[in-house]
Structure formats: structure tokens, C-alpha cells
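Working notes, beginning with the structure itself.
The values are calculated or read from the model by the stated rules, or taken from the named source; none is laboratory data. Bear in mind the structure is a predicted one, so any value in this text is a computation, not a measurement. Note that each Cβ is placed from the backbone with ideal geometry, even for glycine, and that neighbours are counted across all protein chains shown. These area figures cover heavy atoms from the full protein model, side chains too; ligands, DNA and RNA do not enter into them. Shrake-Rupley method; radii C 1.70, N 1.55, O 1.52, S 1.80 Å.
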Amino acid sequence: MTRIKFFKEESLPLEMHKVRIVQKLNLLPIEQRLKAINEAGNNTFLLKNRDVYLDMLTDSGTNAMSDRQLAAMMMADDSYAGSETYYRLEQAVFKFFNKSYFLPAHQGRACEHILAKTLVKPGDVVPMNYHFTTTKTHIELCGGSVIEVFKDEAVKITSEEPFKGDIDLDKLKKVIEEVGRDHIPFVRIEMGTNLIGGQPVSVGNIEEVKALCDAYNIPLMIDASLLTDNLYFNKVREESCKDLSIQEIAHRISACADIIYFSARKLGSAKGGGIVLADKDLYDKMKTLIPVYEGFLTYGGMSTREMEATAIGLEEATDIDMISHGPEFIAEFSRILQSYGIPVVTPSGGLGLHINAREFVSHIKGEEYQAASLAAAIYIVSGARGMERGTVSETKNPDGSEHIASCELVRLALPRRVFTLSQIRYLADRLAWLYENRHLIGGLKFTEEPEVMRFFIGRLAPVSDWQEKLVAKFKEDFGDSL
Ligand code: F0G
């Protein structure tokens, strides 16, 4: 914690919790890791967890739960309709966001589905700070399109900008003037902007965007899935928030939003999601879709146990000890990697550590997927699985050519309260070795390429025998060591 002063250590992210349940891990020998990644089509999504040492694919549904969450799960009321559990969750949501209407859904993208179906018409344009994969897909499936209005600094990998997720107001105004208010169903702000490295949005920017939206009578939608990390950054990086409680900052943000949705796999450290509204008409329009696509209005596809855990998780998301853990571990991981000269996104954000693959493996062509190649190499040398967040995660151009992503990143997610500093130092050490031997890493090509969201289940193969050469060099340097 930043509040602790040390004697010999410069600073350390200090845990304000202790671990009481553990899961045994495996670290396979490198030959088996090579076999596993090839069986997985060089796609870390397709690895079996039994073959993974550090599962840093995502923080989605993988945060450690608290004793209070586990205890609450035992109180779940399983009634299909009108369960007590639902009303406890509803109250927790109302308290956290200070709004009056809630629709439960089974996860974040389910909310996006309902919202896009209700609000987006063919030809509509949705301006946003940055797209998220599932959000963009749902908008496009309804005939709409996405325009990103981020500040230029957002996609600069190394920067001093504390709020890279902010919207550029001039760009937003220009889009509204050009497209016309009638074709803009809403403006979307994604908190803790995922694909540019978990970068936060300032409360000041949200308030300015809201004022602009009001001037044109356009609703403002906030994706609060990554709100907890964002709240931490508001508290420590934004002058106007430093004397506010976390709950007060959350209320300042939600006061600007006409529509909020969240994945409770992230915000709430459980599993589920929901849409939060201030407007009854909008609520009435959407509520009929919940029983069609999700489940009855008092569970929305969630298990009642997860709903209980989410209710407590939302309460705990106002605790600085809880929400500081992810960002501070990521900052420490980033500090170690930078000391080894490894290119990472700065300033460090939330969700995970983001490596700049475009620079790490600059010798690989964009069309041979730098981030995906690096993610495969990281698994081979360390047993850690990260996630490609680059060109493979993009949709191809209409003419079939690759749409080279503006950021080519490998994300090593740090689910909250899950990993230890020694595990992080182990991985940093393996990454230092890989960086020194980066010339050995080669590209990948698709062998199976789904048309929609290919990054989830697409399969790739190395363009040469680079992986065997990497393993040979590893064995030369590390002998029989795992
Ligand atoms: N919005 C954001 C900002 C997200 O990061 C995610 C999920 C979603 C919406 C969709 O929520 O998974 O509950 O359906 N992000 C996960 C990730 C998948 O690994 O970053 P979901």
C-alpha cells in the first residue's frame, strides 16, 4: 500500500488480506509446454488449465473471493421469482451506483446484447473512448458502427498521461456534428479502458462529456466493468478526487451516466452482470428482453450464489485496500520489467501488465501477429498464459486484408488477490531471458480462422521451426530446470 513507509525497501505493494484457501499449481517441463501450446493452436484461450502454471489470461471471474462473499453465498435464496437474494443484490447495486432501476444479466456481453438490441438501429454510429471486442460486435450485429474518439496520447505506448482513457471532446463534437444527433443512440465511456492497457478515465473528463451529451440530448452510457481499478486511479491521480471516499467518487461518475452496465465477473469479483438505469421508460423497454434472453427478472441468468457474492463484492469495491491491490501489483511488475529494459505500457494501468509486443518482437511483421507470437513464446518459456490484445483481436478489413491494431499488446492479467510477488518475480525473470533471446521468436499464421471474434477459438501455427529453436536455447541456458 502506498500509505506504508519502508526502512530498506523502496516500496512494496503490501497485501491487506491473508490467503486461506489455495489451489495447487503445475509447472510442466518445457517440452510438454511446447506440445500443449501446439495442441492449443498457439491460442492461449485454447490451453487446458492443467497445463498452465500462472493463469494470467484474464481477471474475468478469476478474482479471489473474500470470506464474506463465500459466507453470503450460503444464504442464497434459490426461488425462481422474487428471491430474497435478488433484492439484496438490487439494494447493493442501488447503493453503489445511486440509481433506481436494475436489470440483471448473466454477464457483461449479455448487457451489451440487450442494450444494442434496444438502442442501436442500422446506420447508427456509437462514439466511444475505445471499443471492446464484445461491445463492438453487438453494435455491429445490430447494423451500427463504432467511432473511437480517444485522445492522441491513448495509443502512445509510453506516456506520462495519467488518464489515457479520456475522450477527446473536440473529436466527439466533430463526430456528433458530422453524423447528426439522430444517428447517435448513445456515447459510451469504458472505464479502465481494456484494450489500450487498462487505462483509466478521469472524473473531470466524464463530467465534460456528459455536458456535451446534454447539449445534444444524447444519452451517456458507462461500461463500469473495470470500474474498481479506475476508482483507485481517480483517488490517487486526480486532484479533485483525493479527498473523496471511493463511494463518493463512484457516485460522481454514476451521476453523469444515463445508462451503466457492468460485468460482475470483474466489478463485484463474482460472476454475472447487470444494467443500471435512471430512466423508467428505458427500463420498461428493456425489461421485456431479460426473460427472453437471460432469465426471469429476479435472476437474469445468474446463479443466486453468485448474486449474493456480487452484492458483497460491490460493497467491497468501495474499500481502498481491496481496489488498490491489482493496480499496485501491476505497477510493481511493471517496475521490475522496466528495470530489465522490457517495453511495457506506461503509465501502468489496471487489469494486468501490458507488454508492447510491437517493440519486443519488432522483427516480426504485423501480418504474422506480433502479440499472438509473443504470447505463445511467453507460455513456452514460463508456463504463464497471457492474452493477445492486438491484431488477432481485431476484425479484418472488408477487403479481407488484416486490420493492424493500433496497439499490439500481450496482457498478463493479475486477477485480484490471486498471485504472489514471488510468482511475479519468477515470471519477470523468464521474460528478461526471453527479451534477451527475442530474435528467436517468429511469427504465426492462421490454420483455422472463425469470421467473428477469431481470437477466442481461432487456431494458428508457427511460420517456421522457431519454437523448437527457442526450447533448445532454453535447455542450453537452464538445463533441466522447469
Ligand atoms: N466490457 C469490458 C470493458 C470488458 O473488459 C469485458 C470483458 C466486457 C465488457 C464483457 O464482459 O466477459 O462478462 O461478458 N472482458 C474480459 C477480459 C473478457 O478478459 O478482458 P463479460
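What is the Cα radius of gyration of the stretch 1-103 over 2.2 N^0.38 Å, N being its residue count?
Compared with the compact-globule rule of thumb, the stretch 1-103 sits at 1.63.
Rounded, prolate or oblate for the stretch 238-292? Axes are the square roots of the Cα gyration tensor eigenvalues, ordered a ≥ b ≥ c, and the cut-off for rounded is a/c under 1.5.
oblate
According to a simple spin-label model (label point 7 Å from Cα along Cα-to-Cβ), what is the distance in nm between D465 and Y80?
Here the modelled spin labels are 6.2 nm apart.
So, with a 1.4 angstrom probe, what is the percent of accessible area on the stretch 154-217 that is carbon and sulfur?
Carbon and sulfur: 47 percent of the exposed surface of the stretch 154-217.
So, in nm, how far is label L70 from label N26 when the simple model puts each one 7 Å beyond its Cα toward the Cβ?
2.4
Cα-Cα over 25 Å: which of K95/K151; K5/K95; K266/K445; K99/K266; K117/K156?
Correct reply: K95/K151; K5/K95; K266/K445; K117/K156.
In whole Hz, with x marking every Gly and Pro, tabulate ³J(HN,Hα) for the stretch 104-116 from phi via Karplus 6.51 cos²θ - 1.76 cosθ + 1.60, θ = phi - 60°.
x, 8, 6, 6, x, 5, 5, 5, 4, 4, 5, 5, 5
Subtract the Cα-Cα distance of V19 and K171 from 0.36 nm times their separation in residues, and report this length gain in nm to one decimal.
Once the chain is fully extended between V19 and K171, it gains 50.0 nm.
Under 8 Å for C-alpha pairs, at least 6 residues apart: give me the relative contact order for the chain, rounded to a whole percent.
Reported as a whole number, the value is 22 percent.
Quick check: net charge around P200, other residues with Cβ under 11 Å of its Cβ, Lys/Arg +1 and Asp/Glu -1?
-2
Eigenvalues of the Cα gyration tensor times 5, then square-rooted: what semi-axes does that give for the chain, in whole angstrom, largest first?
Semi-axes (√(5λ), whole Å): 35, 26, 23.
Leaving out ligands, DNA and RNA, and with a 1.4 Å probe, what % of the accessible surface on the stretch 362-404 is carbon or sulfur?
On the way: 670 of 1360 Å².
Here carbon and sulfur together make up 49 percent of the probe-accessible area.
If the chain between F45 and S481 were fully stretched, how many nm would it gain, using 0.36 nm times the residue separation less the Cα-Cα distance?
154.4 nm
What figure, in Å² to the nearest 10, do you get for the accessible area of D243 with a 1.4 Å probe and non-protein molecules left out?
Roll a 1.4 Å probe over it and D243 shows about 130 Å².
Check which residues have an amide H placed less than 5 Å from V146's amide H, if you skip close sequence neighbours.
It is V126, by chain and number.
Express the accessible area of the stretch 439-482 per residue in Å², computed with a 1.4 Å probe while the remaining protein chains stay in the model. Provide the component values of the computation, followed by the final result.
Working: 2450 Å² over 44 residues.
Ligands and nucleic acids excluded, the figure is 56 Å² per residue.
Which value in deg cm²/dmol, rounded to the nearest 500, describes the helix-derived mean residue ellipticity at 222 nm for the chain, given -39,500 (n - 2.57) per DSSP H run of n ≥ 4 and division by the residue count? Don't jump to the answer; show the numbers that get you there.
Details: 18 runs with 194 residues, N = 482.
Helix-only estimate at 222 nm: -12000 deg cm²/dmol.
Once the other residues with Cβ under 11 Å from the Cβ of L119 are scored (Lys, Arg +1; Asp, Glu -1), what is the net sum?
Counting the neighbours of L119, the net charge comes to +1.
For the stretch 193-289, what is the accessible area per residue in Å², given a 1.4 Å probe and the full set of protein chains?
That works out to 31 Å² for each residue.
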